[in-house]
Amino acid sequence: MKKALRNNGLSLFFGLIFLLALLGQALTGHALFNEEQVASGLEEINFAQYLVSSNFAVDVSENWQSEYLQFLLYIFATIWLVQKGSPESKELNAPGPESDKDQLVGEYSNAKSPKWARVSGWRRTLYSNSLGLTMGLIFVLSWLVQSIAGTSNYNQEQIQNFQQPVSWAEYIASPEFWNRTLQNWQSEFLAVGSMVVLSIYLRQRGSPESKPVGSAHDDTGTTG
Amino acid sequence: MKTRRAARGLRFGLLPLLALSGGVLSGCAAEGTEAAEAAEAFHRDVAGSDMTAACSLLQSKTREETARSSDAGTCESQLEKAQFGDPGKLLSTEQFGRDAFIEFENDTVFLAASDAGWRITGAGCTANGEEAPYTCEVGGT
(Lines give C-alpha, C1' and ligand atoms only; values in the text may rest on other atoms or scores of the structure.)
Protein backbone atom coordinates (compact mmCIF):
# COMPACT_ATOMS: atom_id res chain seq x y z
CA MET A 1 0.00 0.00 0.00
CA LYS A 2 2.73 2.42 1.05
CA LYS A 3 4.79 1.39 -1.96
CA ALA A 4 1.84 1.84 -4.30
CA LEU A 5 1.28 5.36 -2.92
CA ARG A 6 4.95 6.23 -3.40
CA ASN A 7 5.10 4.76 -6.90
CA ASN A 8 2.05 6.76 -7.97
CA GLY A 9 2.66 9.89 -5.94
CA LEU A 10 2.73 12.29 -8.87
CA SER A 11 -0.58 11.21 -10.41
CA LEU A 12 -2.28 10.91 -7.01
CA PHE A 13 -1.09 14.37 -5.96
CA PHE A 14 -2.34 16.05 -9.13
CA GLY A 15 -5.57 14.02 -9.09
CA LEU A 16 -6.26 15.19 -5.55
CA ILE A 17 -5.48 18.86 -6.06
CA PHE A 18 -7.52 18.76 -9.28
CA LEU A 19 -10.59 17.52 -7.39
CA LEU A 20 -10.08 20.07 -4.61
CA ALA A 21 -9.68 22.92 -7.11
CA LEU A 22 -12.75 21.78 -9.07
CA LEU A 23 -14.78 21.65 -5.86
CA GLY A 24 -13.52 25.12 -4.95
CA GLN A 25 -14.45 26.41 -8.39
CA ALA A 26 -17.93 24.90 -8.05
CA LEU A 27 -18.51 26.38 -4.58
CA THR A 28 -17.28 29.86 -5.46
CA GLY A 29 -18.96 29.74 -8.89
CA HIS A 30 -22.27 28.88 -7.23
CA ALA A 31 -21.92 31.76 -4.77
CA LEU A 32 -21.03 34.20 -7.56
CA PHE A 33 -23.88 32.98 -9.78
CA ASN A 34 -26.39 33.55 -6.98
CA GLU A 35 -24.97 37.01 -6.25
CA GLU A 36 -25.67 37.90 -9.88
CA GLN A 37 -29.13 36.32 -9.76
CA VAL A 38 -30.07 38.41 -6.71
CA ALA A 39 -28.68 41.56 -8.32
CA SER A 40 -30.94 40.93 -11.33
CA GLY A 41 -33.97 40.26 -9.13
CA LEU A 42 -33.96 36.57 -10.04
CA GLU A 43 -34.22 33.57 -7.76
CA GLU A 44 -31.15 31.78 -6.42
CA ILE A 45 -30.41 28.19 -7.41
CA ASN A 46 -29.11 25.34 -5.24
CA PHE A 47 -25.69 23.73 -5.56
CA ALA A 48 -26.95 20.69 -7.50
CA GLN A 49 -28.66 22.96 -10.04
CA TYR A 50 -25.44 24.92 -10.43
CA LEU A 51 -23.40 21.76 -11.07
CA VAL A 52 -25.55 20.94 -14.12
CA SER A 53 -25.76 24.55 -15.33
CA SER A 54 -24.22 25.81 -18.55
CA ASN A 55 -22.50 28.51 -16.49
CA PHE A 56 -20.41 25.89 -14.65
CA ALA A 57 -19.91 23.73 -17.77
CA VAL A 58 -18.54 26.57 -19.89
CA ASP A 59 -16.18 27.77 -17.17
CA VAL A 60 -14.78 24.25 -16.70
CA SER A 61 -14.53 23.29 -20.36
CA GLU A 62 -12.92 26.53 -21.56
CA ASN A 63 -9.98 25.82 -19.26
CA TRP A 64 -9.80 22.14 -20.09
CA GLN A 65 -9.64 22.71 -23.84
CA SER A 66 -6.75 25.13 -23.51
CA GLU A 67 -4.78 22.82 -21.24
CA TYR A 68 -5.16 19.88 -23.61
CA LEU A 69 -4.33 22.08 -26.59
CA GLN A 70 -1.18 23.15 -24.77
CA PHE A 71 -0.03 19.55 -24.31
CA LEU A 72 -1.15 18.57 -27.81
CA LEU A 73 0.93 21.33 -29.40
CA TYR A 74 3.85 20.59 -27.14
CA ILE A 75 3.80 16.90 -27.99
CA PHE A 76 3.73 17.55 -31.75
CA ALA A 77 5.93 20.67 -31.88
CA THR A 78 8.73 18.94 -29.99
CA ILE A 79 8.88 16.21 -32.65
CA TRP A 80 10.16 18.69 -35.22
CA LEU A 81 11.27 21.85 -33.40
CA VAL A 82 14.29 21.96 -31.14
CA GLN A 83 15.61 24.56 -28.70
CA LYS A 84 19.32 24.74 -28.05
CA GLY A 85 20.06 24.45 -24.33
CA SER A 86 16.57 23.42 -23.26
CA PRO A 87 15.90 20.18 -21.37
CA GLU A 88 12.41 20.30 -22.94
CA SER A 89 13.95 19.78 -26.39
CA LYS A 90 15.43 16.76 -28.11
CA GLU A 91 19.05 16.78 -29.23
CA LEU A 92 19.55 19.34 -31.99
CA ASN A 93 20.33 16.68 -34.61
CA ALA A 94 17.26 14.52 -33.96
CA PRO A 95 14.18 16.34 -35.28
CA GLY A 96 11.46 14.15 -36.77
CA PRO A 97 9.79 10.87 -35.79
CA GLU A 98 13.16 9.08 -35.41
CA SER A 99 14.18 5.59 -36.51
CA ASP A 100 12.51 2.31 -35.51
CA LYS A 101 15.70 1.47 -33.65
CA ASP A 102 15.54 4.65 -31.57
CA GLN A 103 11.84 4.11 -30.93
CA LEU A 104 12.15 0.40 -30.05
CA VAL A 105 9.44 -0.72 -32.45
CA GLY A 106 9.08 -3.76 -34.74
CA GLU A 107 12.24 -5.80 -34.91
CA TYR A 108 13.91 -3.46 -32.39
CA SER A 109 11.25 -3.98 -29.74
CA ASN A 110 12.06 -5.96 -26.63
CA ALA A 111 10.18 -8.43 -24.45
CA LYS A 112 8.72 -5.65 -22.33
CA SER A 113 7.62 -3.47 -25.25
CA PRO A 114 3.83 -2.93 -25.52
CA LYS A 115 2.23 -5.42 -27.92
CA TRP A 116 1.21 -2.81 -30.50
CA ALA A 117 4.82 -1.54 -30.63
CA ARG A 118 5.96 -5.02 -31.66
CA VAL A 119 3.45 -5.55 -34.47
CA SER A 120 3.45 -3.72 -37.79
CA GLY A 121 0.68 -1.96 -39.76
CA TRP A 122 -2.11 0.30 -38.51
CA ARG A 123 -1.83 -0.87 -34.91
CA ARG A 124 1.77 0.29 -34.64
CA THR A 125 0.96 3.57 -36.42
CA LEU A 126 -1.99 4.18 -34.09
CA TYR A 127 -0.04 3.29 -30.96
CA SER A 128 2.92 5.40 -32.12
CA ASN A 129 0.61 8.44 -32.13
CA SER A 130 -1.75 7.47 -29.31
CA LEU A 131 -0.65 10.12 -26.84
CA GLY A 132 -1.04 13.01 -29.26
CA LEU A 133 -4.29 11.65 -30.67
CA THR A 134 -5.82 11.22 -27.21
CA MET A 135 -4.79 14.72 -26.16
CA GLY A 136 -6.20 16.02 -29.45
CA LEU A 137 -9.49 14.18 -28.98
CA ILE A 138 -9.93 15.53 -25.45
CA PHE A 139 -9.09 19.03 -26.71
CA VAL A 140 -11.69 18.86 -29.49
CA LEU A 141 -14.38 17.45 -27.18
CA SER A 142 -13.66 20.06 -24.50
CA TRP A 143 -13.82 22.84 -27.06
CA LEU A 144 -17.09 21.46 -28.38
CA VAL A 145 -18.51 21.37 -24.85
CA GLN A 146 -17.34 24.95 -24.36
CA SER A 147 -19.14 26.03 -27.53
CA ILE A 148 -22.42 24.27 -26.63
CA ALA A 149 -22.49 25.25 -22.97
CA GLY A 150 -21.23 28.71 -23.93
CA THR A 151 -24.14 29.20 -26.32
CA SER A 152 -26.60 28.40 -23.56
CA ASN A 153 -24.84 30.54 -20.99
CA TYR A 154 -24.51 33.47 -23.40
CA ASN A 155 -28.19 33.22 -24.33
CA GLN A 156 -29.22 33.31 -20.69
CA GLU A 157 -27.39 36.61 -20.37
CA GLN A 158 -28.93 37.82 -23.62
CA ILE A 159 -32.46 37.05 -22.39
CA GLN A 160 -31.81 38.63 -18.99
CA ASN A 161 -30.67 41.75 -20.86
CA PHE A 162 -33.79 41.62 -23.10
CA GLN A 163 -31.79 40.79 -26.19
CA GLN A 164 -32.32 38.15 -28.83
CA PRO A 165 -30.65 34.75 -28.28
CA VAL A 166 -28.16 33.51 -30.88
CA SER A 167 -27.67 30.15 -32.61
CA TRP A 168 -24.64 27.89 -32.00
CA ALA A 169 -23.20 28.92 -35.38
CA GLU A 170 -23.58 32.59 -34.48
CA TYR A 171 -22.03 31.98 -31.07
CA ILE A 172 -18.88 30.31 -32.40
CA ALA A 173 -18.34 33.34 -34.63
CA SER A 174 -18.92 35.75 -31.73
CA PRO A 175 -16.34 37.84 -29.82
CA GLU A 176 -17.56 36.18 -26.58
CA PHE A 177 -16.54 32.69 -27.75
CA TRP A 178 -13.18 33.77 -29.13
CA ASN A 179 -12.40 36.00 -26.19
CA ARG A 180 -13.02 33.13 -23.76
CA THR A 181 -10.89 30.86 -25.98
CA LEU A 182 -7.97 33.16 -26.70
CA GLN A 183 -7.55 34.46 -23.16
CA ASN A 184 -6.88 30.87 -22.15
CA TRP A 185 -4.68 30.04 -25.13
CA GLN A 186 -2.38 33.03 -24.67
CA SER A 187 -1.64 32.11 -21.06
CA GLU A 188 -0.90 28.49 -21.97
CA PHE A 189 1.41 29.45 -24.83
CA LEU A 190 3.24 31.92 -22.59
CA ALA A 191 3.70 29.31 -19.85
CA VAL A 192 5.09 26.69 -22.26
CA GLY A 193 7.36 29.18 -24.00
CA SER A 194 8.64 30.42 -20.64
CA MET A 195 9.41 26.86 -19.54
CA VAL A 196 11.36 26.17 -22.73
CA VAL A 197 13.46 29.34 -22.46
CA LEU A 198 13.89 29.70 -18.69
CA SER A 199 15.05 26.09 -18.35
CA ILE A 200 18.02 26.92 -20.58
CA TYR A 201 19.49 29.22 -17.93
CA LEU A 202 17.76 28.32 -14.66
CA ARG A 203 17.86 25.07 -12.68
CA GLN A 204 15.69 23.20 -10.19
CA ARG A 205 17.78 20.66 -8.39
CA GLY A 206 16.26 17.17 -8.48
CA SER A 207 13.51 17.95 -10.98
CA PRO A 208 13.40 16.05 -14.28
CA GLU A 209 11.92 19.24 -15.76
CA SER A 210 15.32 20.88 -15.25
CA LYS A 211 18.84 20.14 -16.37
CA PRO A 212 21.31 19.06 -13.68
CA VAL A 213 22.40 22.15 -11.77
CA GLY A 214 25.94 21.97 -13.12
CA SER A 215 24.96 21.48 -16.77
CA ALA A 216 26.19 24.01 -19.30
CA HIS A 217 23.62 26.45 -20.68
CA ASP A 218 24.07 25.00 -24.17
CA ASP A 219 23.47 21.39 -23.10
CA THR A 220 20.29 20.32 -24.90
CA GLY A 221 17.88 17.52 -24.04
CA THR A 222 19.42 16.53 -20.72
CA THR A 223 17.30 16.21 -17.59
CA GLY A 224 18.35 16.17 -13.95
CA MET B 1 -3.67 34.87 -15.74
CA LYS B 2 -7.32 34.29 -16.62
CA THR B 3 -9.79 37.08 -16.10
CA ARG B 4 -12.95 35.00 -16.12
CA ARG B 5 -13.85 32.60 -13.36
CA ALA B 6 -11.06 30.25 -14.15
CA ALA B 7 -9.55 27.09 -12.85
CA ARG B 8 -7.25 24.54 -14.31
CA GLY B 9 -8.41 21.01 -14.64
CA LEU B 10 -7.14 17.77 -16.00
CA ARG B 11 -8.37 14.23 -15.92
CA PHE B 12 -12.12 13.83 -15.80
CA GLY B 13 -14.65 12.08 -18.00
CA LEU B 14 -15.44 14.46 -20.81
CA LEU B 15 -18.34 12.52 -22.23
CA PRO B 16 -20.61 13.18 -19.23
CA LEU B 17 -19.81 16.86 -19.57
CA LEU B 18 -20.57 16.73 -23.29
CA ALA B 19 -23.86 14.98 -22.63
CA LEU B 20 -24.63 17.53 -19.96
CA SER B 21 -23.92 20.51 -22.16
CA GLY B 22 -26.05 18.99 -24.92
CA GLY B 23 -28.83 18.57 -22.39
CA VAL B 24 -28.50 22.21 -21.46
CA LEU B 25 -29.64 23.05 -24.97
CA SER B 26 -31.74 20.17 -26.26
CA GLY B 27 -33.36 19.13 -22.98
CA CYS B 28 -35.08 22.43 -22.79
CA ALA B 29 -37.77 21.93 -25.39
CA ALA B 30 -40.33 20.26 -23.12
CA GLU B 31 -39.87 22.73 -20.29
CA GLY B 32 -39.86 25.52 -22.83
CA THR B 33 -43.51 24.85 -23.54
CA GLU B 34 -44.29 25.62 -19.89
CA ALA B 35 -42.70 29.01 -20.42
CA ALA B 36 -44.83 29.47 -23.56
CA GLU B 37 -47.94 28.49 -21.60
CA ALA B 38 -47.14 31.18 -19.02
CA ALA B 39 -46.75 33.76 -21.80
CA GLU B 40 -50.04 32.67 -23.40
CA ALA B 41 -51.81 32.76 -20.02
CA PHE B 42 -50.55 36.32 -19.49
CA HIS B 43 -51.96 37.44 -22.83
CA ARG B 44 -55.24 35.64 -22.14
CA ASP B 45 -55.56 37.38 -18.76
CA VAL B 46 -54.81 40.79 -20.24
CA ALA B 47 -57.30 40.24 -23.10
CA GLY B 48 -59.91 39.15 -20.53
CA SER B 49 -59.10 42.20 -18.38
CA ASP B 50 -58.12 39.97 -15.45
CA MET B 51 -55.20 42.19 -14.52
CA THR B 52 -54.75 40.64 -11.07
CA ALA B 53 -54.10 37.26 -12.67
CA ALA B 54 -51.85 38.86 -15.28
CA CYS B 55 -49.85 40.68 -12.58
CA SER B 56 -49.40 37.40 -10.68
CA LEU B 57 -47.58 36.04 -13.73
CA LEU B 58 -45.01 38.83 -13.63
CA GLN B 59 -41.68 38.19 -11.94
CA SER B 60 -41.66 39.90 -8.53
CA LYS B 61 -39.15 42.64 -9.43
CA THR B 62 -41.02 43.30 -12.71
CA ARG B 63 -44.33 43.50 -10.81
CA GLU B 64 -42.89 46.00 -8.32
CA GLU B 65 -41.42 48.16 -11.07
CA THR B 66 -44.67 48.03 -13.02
CA ALA B 67 -46.59 49.18 -9.95
CA ARG B 68 -44.06 51.96 -9.30
CA SER B 69 -44.40 53.28 -12.84
CA SER B 70 -48.19 53.57 -12.48
CA ASP B 71 -49.84 56.84 -11.34
CA ALA B 72 -52.19 54.80 -9.19
CA GLY B 73 -49.26 52.80 -7.78
CA THR B 74 -50.64 49.39 -8.70
CA CYS B 75 -49.50 46.80 -11.20
CA GLU B 76 -53.09 46.27 -12.37
CA SER B 77 -53.66 49.90 -13.30
CA GLN B 78 -50.41 50.02 -15.25
CA LEU B 79 -51.35 46.89 -17.22
CA GLU B 80 -54.69 48.50 -18.10
CA LYS B 81 -52.82 51.49 -19.51
CA ALA B 82 -50.33 49.42 -21.50
CA GLN B 83 -50.91 48.84 -25.21
CA PHE B 84 -51.26 45.09 -25.62
CA GLY B 85 -52.65 43.94 -28.95
CA ASP B 86 -53.47 40.43 -30.06
CA PRO B 87 -50.12 38.56 -29.85
CA GLY B 88 -51.11 36.25 -32.71
CA LYS B 89 -49.85 32.73 -33.13
CA LEU B 90 -46.99 31.31 -31.08
CA LEU B 91 -43.97 31.15 -33.39
CA SER B 92 -41.07 29.87 -31.29
CA THR B 93 -39.92 29.01 -27.80
CA GLU B 94 -36.28 29.18 -26.82
CA GLN B 95 -35.24 28.19 -23.33
CA PHE B 96 -31.72 28.32 -21.95
CA GLY B 97 -31.37 27.18 -18.36
CA ARG B 98 -33.72 29.34 -16.32
CA ASP B 99 -34.44 31.94 -18.98
CA ALA B 100 -36.85 31.80 -21.91
CA PHE B 101 -37.56 33.86 -25.03
CA ILE B 102 -40.99 33.42 -26.61
CA GLU B 103 -41.94 34.85 -29.99
CA PHE B 104 -45.53 35.37 -31.10
CA GLU B 105 -46.56 36.81 -34.45
CA ASN B 106 -47.04 40.26 -32.87
CA ASP B 107 -45.18 40.07 -29.59
CA THR B 108 -42.03 38.86 -27.87
CA VAL B 109 -42.05 37.80 -24.20
CA PHE B 110 -39.06 37.29 -21.87
CA LEU B 111 -39.37 34.95 -18.90
CA ALA B 112 -37.35 33.63 -15.96
CA ALA B 113 -37.93 30.44 -13.97
CA SER B 114 -38.90 30.71 -10.32
CA ASP B 115 -39.89 28.16 -7.68
CA ALA B 116 -43.52 28.99 -8.46
CA GLY B 117 -43.07 28.44 -12.21
CA TRP B 118 -42.26 30.64 -15.17
CA ARG B 119 -42.65 34.37 -14.59
CA ILE B 120 -42.59 37.19 -17.13
CA THR B 121 -39.75 39.71 -17.01
CA GLY B 122 -40.76 41.54 -20.19
CA ALA B 123 -43.93 41.49 -22.34
CA GLY B 124 -45.17 43.53 -25.27
CA CYS B 125 -41.55 43.73 -26.44
CA THR B 126 -40.37 44.93 -29.84
CA ALA B 127 -36.91 44.61 -31.37
CA ASN B 128 -34.63 47.62 -31.83
CA GLY B 129 -32.09 46.18 -34.24
CA GLU B 130 -29.81 43.21 -33.92
CA GLU B 131 -27.76 44.00 -30.82
CA ALA B 132 -29.95 46.46 -28.94
CA PRO B 133 -32.27 45.41 -26.11
CA TYR B 134 -35.98 45.11 -26.88
CA THR B 135 -38.38 47.83 -25.78
CA CYS B 136 -41.18 46.39 -23.65
CA GLU B 137 -44.66 47.62 -22.62
CA VAL B 138 -44.18 45.87 -19.29
CA GLY B 139 -40.82 45.03 -17.72
CA GLY B 140 -37.72 45.04 -19.88
CA THR B 141 -34.81 47.38 -19.43
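The values are calculated or read from the model by the stated rules, or taken from the named source; none is laboratory data. Remember, it's a predicted structure, so these values are computed and weren't measured experimentally. Note: ideal-geometry Cβ built from the backbone for every residue, glycine included; neighbour counts use all protein chains shown.
All of A:Ile138, A:Ile148 fail the test of being under 30 Å from B:Gly140 (Cα atoms), within 11 Å of chain B (Cβ to nearest Cβ) and surrounded by 21 or more Cβ atoms within 10 Å (Cβ to Cβ), apart from A:Ile148.
If you filter segment A:156-182 down to residues that are in a loop (DSSP other than H, G, I, E, B) and facing another protein chain (nearest Cβ under 8 Å), you find that the one that is surrounded by the most Cβ atoms within 10 Å (Cβ to Cβ) is A:Phe162.
Just one of the numbered conditions (1) surrounded by 14 or more Cβ atoms within 10 Å (Cβ to Cβ); (2) hydroxyl-bearing (Ser, Thr, Tyr); (3) not assigned by TED's automatic domain parsing to the domain that holds A:His217 is not true of A:Ser120: (1).
When you check A:Phe18 against the structure, is it aromatic (Phe, Trp, Tyr), out of contact with any Pro (no Cβ under 9 Å at 6 or more places or on another chain) and facing chain B (nearest Cβ under 8 Å), yes or no? Yes: the conditions hold for A:Phe18. For B:Phe84, the test of being touching a residue at least 60 places away in the same chain (Cβ under 8 Å) and either away from chain A (no Cβ under 14 Å) or out of contact with any strand residue (DSSP E or B) (no Cβ under 9 Å at 6 or more places or on another chain) (or both) is failed. The residue of segment A:115-135 that is farthest from A:Leu69 (Cα to Cα), among those that are more than 14 Å from chain B (Cβ to nearest Cβ) and among the β-branched types (Val, Ile, Thr), is A:Val119.
In segment A:199-216, how many are surrounded by 13 or more Cβ atoms within 10 Å (Cβ to Cβ) and of a type outside the set (S, T, N, Q)? Number satisfying all stated conditions: 4. Scanning segment A:39-57 for residues that are of a type in the set (A, V, I, L, M, F, W, C) and surrounded by fewer than 11 Cβ atoms within 10 Å (Cβ to Cβ), we see that the one that is farthest from B:Gln59 (Cα to Cα) is A:Ala48. Out of the residues in segment B:65-107 that are acidic (Asp, Glu) and out of contact with any helix residue (DSSP H, G or I) (no Cβ under 8 Å at 6 or more places or on another chain), state the one that is farthest from A:Val52 (Cα to Cα). Among those that are acidic (Asp, Glu) and out of contact with any helix residue (DSSP H, G or I) (no Cβ under 8 Å at 6 or more places or on another chain), it is B:Glu105.
Yes or no, residue by residue, for (1) within 30 Å of B:Leu111 (Cα to Cα); (2) within 9 Å of another protein chain (Cβ to nearest Cβ); (3) at pLDDT below 95; (4) part of a loop (DSSP other than H, G, I, E, B):
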position: A:Gln25; (1), (2), (3), (4): yes, yes, no, no
position: A:Gln37; (1), (2), (3), (4): yes, yes, yes, no
position: A:Gly41; (1), (2), (3), (4): yes, yes, yes, yes
position: A:Tyr50; (1), (2), (3), (4): yes, no, no, no
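One residue alone among A:Gln83, A:Gln65, A:Gln70, A:Gln103 is surrounded by 13 or more Cβ atoms within 10 Å (Cβ to Cβ) and outside the structural domain of A:Ser187 (by TED's automatic domain parsing), and that residue is A:Gln103.
Quick check, is A:Leu198 more than 20 Å from A:Asp59 (Cα to Cα), at pLDDT 95 or above, more than 14 Å from chain B (Cβ to nearest Cβ) and part of a helix (DSSP H, G or I)?
yes
Can you find a residue that is at pLDDT 95 or above and small (Gly, Ala, Ser) anywhere in segment B:26-35? Within segment B:26-35, one or more residues are at pLDDT 95 or above and small (Gly, Ala, Ser). Given the options A:Gln65, A:Gln70, A:Gln83, name the one that is under 23 Å from A:Ile200 (Cα atoms), touching a residue at least 40 places away in the same chain (Cβ under 8 Å) and within 14 Å of another protein chain (Cβ to nearest Cβ). From the options A:Gln65, A:Gln70, A:Gln83, the qualifying one is A:Gln70.
Of the strands (runs of 3 or more DSSP E) lying entirely inside segment B:48-141, those carrying at least 2 residues that are among the aromatic types (Phe, Trp, Tyr) are B:99-104.
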